[in-house]
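Input: a single structure, listed below in structure tokens.
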Amino acid sequence: MDRKTVGAFLLLIATQWWGALPIAAQSLPFSLTTNNPSQGMQAVKANYATENDTIRFTGDSGEVFVYRIKAGFQAALPPMQVNLPAGQPVLAPDSLFSVAVNTDFRLPVGLYFAQSDTATATGKGFLIADRAYPKLRKIDDVLAALVYISTNDEIAEINSSRDKKAALDNYWLRLGGNEENARRMIRIFYQRVEHANRYFTTYKEGWKTDMGMIYIIFGEPSALNRTANGEEWEYRTSGKSTIRFTFQPKANQFTGLHYELVRHARYRDVWYEYVDRWRHGLVAN
């Protein structure tokens, strides 16, 4: 990575606050496509491909510069937590390479940022996920998604077990009360995780996003309203009242499809009510 390139990218990182940099992917002289064996060549529209996909930057000529980004994004915080931690995710370039347009290649799991001109802040971000994605197959990934319905002690206990799979089975058996209900709960939970990954992935896995969190805990909304200012998801609670979650678009240099929840303290009671349903095996299909 030469000094000019390093300087341009570090400037991008140093000035990064989500939404502070322009999004100009539509004006870039290339587009990203992936050749999935089951689906053929298609444009990457969901901001992710998998390590098993063949990728190609399509364009008239030239090359694309691709940064691999070091980033460890956490799962979304509960909807009633209005005082979010100070600061922003720390991003740093791990490596830089160039790829000629119209050339097939593959990439390992990670977050990437592609540019045709490294002297600018515009580019196209995309995530390369595990080959099983949007499903979760690795035990550590399966465990990590439990953060919304589990205590820190429960997750630590499973992680410290000599047999994580057996410990995870016992965890769900405790929640479900019996094997049949435990299997039902597992199916519902991880189907929702898969759905979140498929539809809400941005610069991080879909289950870690605000939309993914709400979908996993509350399920399919009873009504969904889209406006120029975002989306509103409506749920009818057990007391026949209505709760609404509002998501507003927040652009960043990786994607223009990222939405963040408008948090409020009033969500506390309904959040704990629905989490409690999970913890007592009472979630409906």
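The values are calculated or read from the model by the stated rules, or taken from the named source; none is laboratory data. Computed from a predicted structure; not experimentally measured. Cβ coordinates were reconstructed from backbone atoms using ideal geometry, including for glycine residues, and neighbour counts include every protein chain displayed. Remember, those area values only see protein heavy atoms, side chains included, never the ligands or the DNA or RNA. Shrake-Rupley method; radii C 1.70, N 1.55, O 1.52, S 1.80 Å.
Some observations on this one:
- The phi torsions of the range 123-139, fed into the Karplus equation with coefficients 6.51, -1.76 and 1.60 and a -60° offset, translate into couplings of x, 10, x, 7, 10, 9, 9, 3, 4, 7, 4, x, 6, 9, 10, 6, 4 Hz, rounded to whole numbers, with Gly and Pro shown as x.
- Whole-Hz couplings from phi, Karplus 6.51/-1.76/1.60, listed for the range 250-256; x for Gly and Pro: 9, 6, 8, 6, 8, 7, x
- Simple rule: put +1 on each Lys or Arg Cβ and -1 on each Asp or Glu Cβ in the range 96-237, find the dipole, and look at Val142, Leu224, Thr237; the Cα lying farthest toward the positive end is Val142.
- In percent, rounded to a whole number, the relative contact order of the range 48-103 is 57, using alpha-carbon pairs under 8 Å and six or more apart.
- Whichever lysines have a C-alpha closer than 22 Å to that of Lys250, once near sequence neighbours (fewer than 8 apart) are set aside: Lys45, Lys70, Lys124, Lys204, Lys208
- Accessible surface of the range 167-285, 1.4 Å probe, proportion on carbon and sulfur as whole %: 45 percent
- Under 5 Å between amide hydrogens, built in the peptide plane, is the criterion, and for Lys70 it picks out Ala92, Asp94 among residues at least 5 positions away or on other chains.
- Accessible surface, the range 130-202, averaged per residue in Å² (probe 1.4 Å): 56 Å²
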